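The values are calculated or read from the model by the stated rules, or taken from the named source; none is laboratory data. Values in this document were obtained by computation on a predicted structure and should not be read as measured data. Here Cβ is always computed from backbone atoms with ideal geometry, including for glycine, and neighbour counts include all displayed protein chains. These area figures cover heavy atoms from the full protein model, side chains too; ligands, DNA and RNA do not enter into them. Shrake-Rupley method; radii C 1.70, N 1.55, O 1.52, S 1.80 Å.
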Amino acid sequence: MKYTAGEIGKFLNGVIEGNPEVEVNSISKIEEGTEGSISFLANPKYSKYIYKTKASIVIVNKDFEAEKEISSTLIRVDDAYNSFASLLELYNKNKEAKKGIAKNSFIEKSAKKGKNIYVGHFAYIGENAKIGNNVQIYPQVYIGNNVTIEDNTILYAGVKVFANCKIGKDCIIHGGTVIGSDGFGFAAKSNKDYKKVPQIGNVIIEDNVEIGANTSIDRATLGSTIIRKGVKIDNLVQIAHNVEIGENSVIVAQVGVAGSTRIGKNCIIAGQVGVNGHITVADGVMVGAQSGVTSSVKKEGSVLLGSPAIDLSIQRRSLILFKKLPELQKEISRLNKMLDKLKKQYID
Amino acid sequence: MKYTAGEIGKFLNGVIEGNPEVEVNSISKIEEGTEGSISFLANPKYSKYIYKTKASIVIVNKDFEAEKEISSTLIRVDDAYNSFASLLELYNKNKEAKKGIAKNSFIEKSAKKGKNIYVGHFAYIGENAKIGNNVQIYPQVYIGNNVTIEDNTILYAGVKVFANCKIGKDCIIHGGTVIGSDGFGFAAKSNKDYKKVPQIGNVIIEDNVEIGANTSIDRATLGSTIIRKGVKIDNLVQIAHNVEIGENSVIVAQVGVAGSTRIGKNCIIAGQVGVNGHITVADGVMVGAQSGVTSSVKKEGSVLLGSPAIDLSIQRRSLILFKKLPELQKEISRLNKMLDKLKKQYID
Amino acid sequence: MKYTAGEIGKFLNGVIEGNPEVEVNSISKIEEGTEGSISFLANPKYSKYIYKTKASIVIVNKDFEAEKEISSTLIRVDDAYNSFASLLELYNKNKEAKKGIAKNSFIEKSAKKGKNIYVGHFAYIGENAKIGNNVQIYPQVYIGNNVTIEDNTILYAGVKVFANCKIGKDCIIHGGTVIGSDGFGFAAKSNKDYKKVPQIGNVIIEDNVEIGANTSIDRATLGSTIIRKGVKIDNLVQIAHNVEIGENSVIVAQVGVAGSTRIGKNCIIAGQVGVNGHITVADGVMVGAQSGVTSSVKKEGSVLLGSPAIDLSIQRRSLILFKKLPELQKEISRLNKMLDKLKKQYID
């Protein structure tokens, strides 16, 4: 199916610059744009491609200023990435949701099933589990006893949700992720052996949360590990027992959050960051990749970097000087020599 | 069921302070304590909550000194966390162990099954595997040929144990963990391509080991990757081929141990640490989070931090000065100027 | 079956030193060598073992110089590790490949099956999937719709390959790995909530790639995430959407590569490294463990270390001085005092 720049501009509430009659029937990356495709430019790193792309239409930010001639028709919008996301969403809606319960899945009799659900092959649903309407459970998913999954949530192949955990509406959990494994709790015994501390709490995931592949979220010792609504968690992330992640916070791949820590709302924790246990991170905090947050962050909106993580601006200055340490050392020894010489000549 | 402070105190061998008749029927976190519940205080960070908790009973360490009035009945014990673990254990015992072999699991005929085992739906047990008594194999577990699993061990949903590996008694392995994947061994060829080095060894896990979710432990090239008895490994940990982890060592989430390294007994390796290959770490060594252990650690009981990891006390001093590098630089240039001035005035 | 040193020497194109008639029937590590076994010495760290090993034969590099008497027969070859790999390969060939389609697997009717394939218990193969000849699909593997798997590839238990992804010939993917989960793409909305950016691309894995256990490789937003031929990826690695890894590059355990980054050919990225998004890494680059590559690396063959990663030689010098920061500080304050004194005596 084909759409004109005019039609798409109307859908996105954008302003056309160029030929409104040009037609597209596919979506492309700007650096690989082909005739008949629509692309977008949001990240300035990719600006250079807009002058040579063959994409027939490019969605750009309202304030984009061209430095050279552009052959594509432009659609100017408030937020090019967001508009592009809307187009992809539209495109994606053509895919039908999976439906039906595979004969070789297994659902315990006491489980409650919503309307219109999909349960794939070799999926297992435990006793007294409650599955909401339109829930999609892919093959080889495990849902333990007393688990609740609310409406429209998707669990991709191989997800494991252990007993008593609760997952809200409109969530997406990617393949291989484990929800509700035991927290890592052991009491030291006198003989240097450890005694397991039973983990009798659960995990609560609120609405509109997305969790990547092969991530693990441990159940609480007591009470709940809580992922608040709108949180986005990437692949291979570790969330320990009794952690709470605040609304709309973003946790990038391979981050680890240690036990009983509370992360505020609207935070962004970049890849491979470690967050210490039993601390509190204020709302709106941003932590740079590979940092280690060792103590509570009280100031909202702090921007931190490094291991241990400190204020970004301080860290940056120190990092620059770190590279110059050999120069600093030379400088010191030069001063030393000069001073020695001076001392010998004039003082001794 | 309800218990009095007196009854619990007797069970824990503790000393009652307050009303021995007060009754509880649930367990709570101290910061969320409700009337009729029992809680505990072990981590001093949480001391402030004991003065306002509504928990009817709080278990505390023998030497805890109250700074204000406490309304809860206290039970003083040698180790509050340990005693609390015992209570949770007692509470947990009411849960019945899973039993029975699901019809839609598959067990090869040559496999040997112990008494009283649980094999969940869509679990697979390979040829000549030996499953001990009371072993619990959750749904979608894979057990390869010739694998041995000894008595009372639990494999949670989605665990994969590949051919020839051995798992001891009383172990717990959490969801999604892979035991016995091939070690990462390749021989460089002249054309920059690599030739796979077949990995024909196995993994041996001794008794009383707990391993978290989505962890991977590779089989040895030759011989065995060995996890000694009592070791506790957290989620998303990487143990490479031919590694050996000594008795009762603790490996926290997202740690990676490279090939052929031997870690001693009673070590604690904190989260996100990397340990280099072909090195030896002495008994009782502690490594701080995100550190990188690059060479063998010979001194027992060393405490290390940083990447590369060095003695904690040295690292700490350097880390403090790292933040002050801009000040040090200023100091140096001030000295420089002074000296220049001095030189000009008196020497030139 | 037994082989003489002479026979093995001929097979490896090596030179015998010692008794060519000595026989072996097993393979051992040099530090655990037993009579009747063959071992190898490649890593100089293990040289000390060659003087006491009981292995009947040891394969060594052509240029190995003995410092003491060795009782084993030696076979000198160009590359001992490579030759040893060849022997293991030979040894391993006796293992028969798995064959046959388990009755309790499920293959959609529209899927195309090659000759001689193995499909294990509880494996699922989706619509219009194409499975090449001799492909081995272990139990509990998930293969989504329209996936292509070419000849001789092995997917171990629990691997999940989502819709539209393509895997080449002679690949090995270890247990629990997820290929084709959604990329982590969200567009910020004005209310601090996020809108999912649909990920409509796929993952392409070329021939002769090996991928470890519990790794995740995300599908592209548009186009493809590409793993070029001969790449070797270890366990628990994160490859984000639209990344490209060049031919024969090696990615060690727990590395994370952020979105849209291109890594060149013949690179070696050591364990726990993080590579920033939207950057390019030149061919032949080596990055030391735990480093953070924050910006594009243009020079081929660069060797980098640290977070942020800089040239290894510079990093090393700075790291040495980092440990000496307390000394540098003392030096500076000593200079300061001297200068003060000087000033007082001669200038004031």
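Details
- Prolate/oblate/rounded label for chain A (Cα gyration tensor, a/c 1.5): oblate
- Where both bridge residues fall in region C:109-243, DSSP classifies roughly 10% of the beta bridges as antiparallel.
- Taking the DSSP beta bridges with both ends in region A:205-348, the antiparallel portion is around 5 percent.
- Range in chain A, longest, excluding exposed GluC sites (Glu not before Pro) [loop by DSSP; at most 11 other beta-carbon atoms within 10 Å]: A:97-348
- Sites C:GLU89 and C:THR34 - FRET efficiency at Förster radius 22 Å, r taken between beta-carbons, to 0.05: 0.50
- Ellipticity estimate at 222 nm from DSSP helix runs (n ≥ 4, -39,500 (n - 2.57)) divided over the protein assembly as shown, nearest 500: -4500 deg cm²/dmol
- For residues of A:58-64, the mean tally of beta carbons on other chains within 10 Å: 0
- Here chain B is treated with +1 on each Lys and Arg Cβ and -1 on each Asp and Glu Cβ, and its dipole about the Cα centre works out to around 1280 debye.
- Reduction of at least 20 Å² in accessible surface, 1.4 Å probe, comparing all protein chains with the chain by itself, residues of region A:196-217: A:LYS196, A:VAL197, A:PRO198, A:ILE200, A:ASN208, A:GLU210, A:ALA213, A:ASN214, A:SER216
- Rounded to whole Hz, the Karplus (6.51, -1.76, 1.60) HN-Hα couplings of region B:125-134, x for glycine and proline: 10, x, 5, 6, 5, 10, 10, x, 6, 6
- Overall form of region B:159-308 per C-alpha gyration tensor (a/c, 1.5; a/b vs b/c): oblate
- Long-range HN-HN contacts of A:ALA55 with modeled amide H, under 5 Å: A:GLY33, A:THR34
- Radius of gyration and maximum dimension Dmax of region A:3-94, Cα, Å: 11.6, 38
- Interface burial in region A:143-162, defined as at least 40 Å² less accessible area with all protein chains than with the chain alone at a 1.4 Å probe, covers A:ALA157, A:LYS160, A:PHE162.
- Summed buried accessible area for A+C [probe radius 1.4 Å, Å², rounded to 100]: 5500 Å²
- Rounded is the label for the protein assembly as shown, because the ratio a/c of its alpha-carbon gyration tensor axes (a ≥ b ≥ c) stays below 1.5.
- Remark on region B:98-115: accessible area falls by at least 30 square angstrom from chain-alone to full-complex state for B:LYS98, B:PHE106, probe 1.4 angstrom.
- Pairs exceeding 24 Å between alpha-carbon atoms, taken from B:LYS189/C:LYS29; B:LYS299/C:LYS54; A:LYS169/B:LYS29; B:LYS109/C:LYS95; A:LYS109/B:LYS99; A:LYS330/C:LYS323: B:LYS299/C:LYS54; A:LYS169/B:LYS29.
- Inter-copy label distances at B:GLU23, using a point 7 Å along Cα-to-Cβ, come to 8.0, 8.0 nm with the shortest given first.
- Listed by chain and number, the aspartates and glutamates whose C-alpha is less than 17 Å from the C-alpha of C:LYS341, apart from same-chain residues fewer than 8 away, are A:ASP340, A:ASP348, B:GLU331, B:ASP340, C:GLU331.
- Percent RCO, i.e. relative contact order, over chain C, from Cα pairs under 8 Å lying at least 6 residues apart: 6 percent
- Residues listed by number, region C:134-148, amide nitrogen under 20 Å from C:LYS115 label point at 7 Å toward C-beta: C:134-137
- Within 10 Å of each Cβ in A:167-178, the average number of Cβ atoms from other chains: 5
- Those trypsin sites (Lys or Arg not before Pro) in region C:174-214 that DSSP places in a loop and that have at most 14 other beta carbons within 10 Å: C:LYS189, C:LYS192
- Solution diffusion estimate, µm²/s, Stokes-Einstein, region B:244-314, Kirkwood Rh from C-alpha pairs, 20 °C, viscosity 1.002 mPa s: 189 µm²/s
- Shown in residue order for region B:310-326 are the 3J(HN,Hα) couplings computed by the Karplus curve 6.51 cos²θ - 1.76 cosθ + 1.60 at θ = phi - 60°: 10, 3, 3, 5, 5, 4, 4, 4, 5, 5, 5, 5, 4, 5, 9, 3, x Hz (x for Gly and Pro).
- Using a probe radius of 1.4 angstrom, the carbon and sulfur fraction of the accessible surface of the protein assembly as shown is 48%.
- Residues of type aspartates and glutamates that A:LYS113 reaches as a straight line, Cα spacing below 12 Å, ignoring anything fewer than 8 places off in the same chain: A:GLU127, A:GLU150, A:ASP151
- Nearby lysines by direct alpha-carbon distance to B:LYS10 (threshold 18 angstrom, same-chain neighbours under 8 apart not counted): B:LYS2, B:LYS62
- Solvent-accessible surface of chain A, taken per residue with a 1.4 Å probe and all protein chains present: 43 Å².
- Region A:1-69 versus region B:90-126: alpha-carbon centroid distance in Å: 58 Å
- Cross-link pairs exceeding 18 Å between alpha carbons, from the set A:LYS324/C:LYS298; C:LYS265/C:LYS298; A:LYS344/B:LYS343: A:LYS324/C:LYS298.
- Mean projected area in nm² (Cα convex hull; one quarter of hull surface) for region A:269-348: 7.7 nm²
- Placing dummy labels 7 Å off each Cα toward the beta-carbon, the span from C:ASP311 to B:ASP63 is 5.4 nm.
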